[in-house]
Amino acid sequence: MELFEEPRAAVLWPLARRAVRRREAAPRLSDLNGKTICELWDVIFRGETIYPLVREYLRSRFPGSRFVEYSQFGNIYGPKERDVIASLPGKLRQHGCDAVIAGIGA
């Protein structure tokens, strides 16, 4: 070791590499009138209370909107999560969803 050289140690990054590639978000819908809005819920954070309020508000602003309630899609979290998520693309197409509400916080 030279006089002013500091000791070096190998360091490992504690986080894993990204497993999912970043993708651009879909463009926003300019108007929800005439659109079908689907709801996804993880059956945790008061969705049974909040979703009806969100529906009521959105219907007041966009009277031509149609909703497909979360019960049509299943619980997106928990023991059946993998199956529910795998079936989502087909169910969203089946219901003609133009927009999705997912993840309502605590």
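The values are calculated or read from the model by the stated rules, or taken from the named source; none is laboratory data. All of these numbers come straight from a predicted model, not from anything done at the bench. When we count neighbours, we look across all protein chains shown, and the Cβ atoms used for this are built from the backbone with ideal geometry, even at glycine. The protein model used for the area step is the full one, side chains on, heavy atoms only, and it has no ligands, DNA or RNA in it. Shrake-Rupley method; radii C 1.70, N 1.55, O 1.52, S 1.80 Å.
Work out the FRET efficiency for Val43 and Ala16 from their Cβ-Cβ distance, taking R0 = 30 Å, and round it to the nearest 0.05. My answer for the efficiency is 0.60. Computed with every protein chain present, the accessible area of Ser60 is close to 80 Å² [probe 1.4 Å]. When Arg8, Arg55 are compared by accessible area at a 1.4 angstrom probe, the order from most to least is Arg8, Arg55. Of the residues Glu56, Glu39, Glu5, Glu24, the one with the largest accessible area comes first in the ranking Glu24, Glu56, Glu5, Glu39, computed with a 1.4 Å probe on protein heavy atoms.
The string of couplings for the range 55-70 from the Karplus curve (6.51, -1.76, 1.60, θ = phi - 60°) is 4, 4, 5, 5, 5, 5, 7, 10, x, x, 7, 10, 10, 10, 6, 4 Hz, one whole number per residue in order, with x for Gly and Pro. If you plug the beta carbon distance of Ala25 and Glu5 into 1/(1 + (r/R0)^6) with R0 = 41 Å, you get a FRET efficiency near 0.30. Phi angles across the range 7-18 convert, under the Karplus curve 6.51 cos²θ - 1.76 cosθ + 1.60 with θ = phi - 60°, into 3J(HN,Hα) values of x, 10, 9, 6, 10, 9, 6, x, 9, 7, 5, 5 Hz, Gly and Pro given as x. Neighbours of Leu32, meaning other residues whose beta-carbon lies under 9 angstrom from its beta-carbon, give a summed charge of 0 when Lys and Arg score +1 and Asp and Glu score -1. On the chain, 53 percent of the accessible area sits on carbon and sulfur atoms, based on a 1.4 Å probe. If the segment from Arg82 to Tyr57 were pulled out straight at 0.36 nm per residue, it would be longer than the present Cα-Cα gap by 5.9 nm. Taking the Cα centre of the chain as reference, the dipole from Cβ charges on Lys and Arg (+1) and Asp and Glu (-1) amounts to some 460 debye. Working note: Karplus 6.51/-1.76/1.60 with θ = phi - 60° gives the range 40-53 the couplings 10, 9, 9, 6, 10, 9, 6, x, 5, 9, 7, 4, x, 5 Hz, where Gly and Pro are set to x. Residues whose amide H falls under 5 Å from that of Trp41, counting only those 5 or more places apart or on a different chain, are Ile76, with hydrogens built in the peptide plane.
Across the chain, the mean sequence separation of Cα contacts (distance under 8 Å, 6 or more residues apart), normalised by length, yields a relative contact order of 37 percent.
Per residue, the chain reaches -9000 deg cm²/dmol at 222 nm when only DSSP H runs of four or more residues are counted, each adding -39500 (n - 2.57). Only protein heavy atoms count here; under a 1.4 Å probe, Asp31 has an accessible surface of about 60 Å².
With the whole protein complex present, Arg46 retains an accessible surface near 150 Å², based on a 1.4 Å probe.
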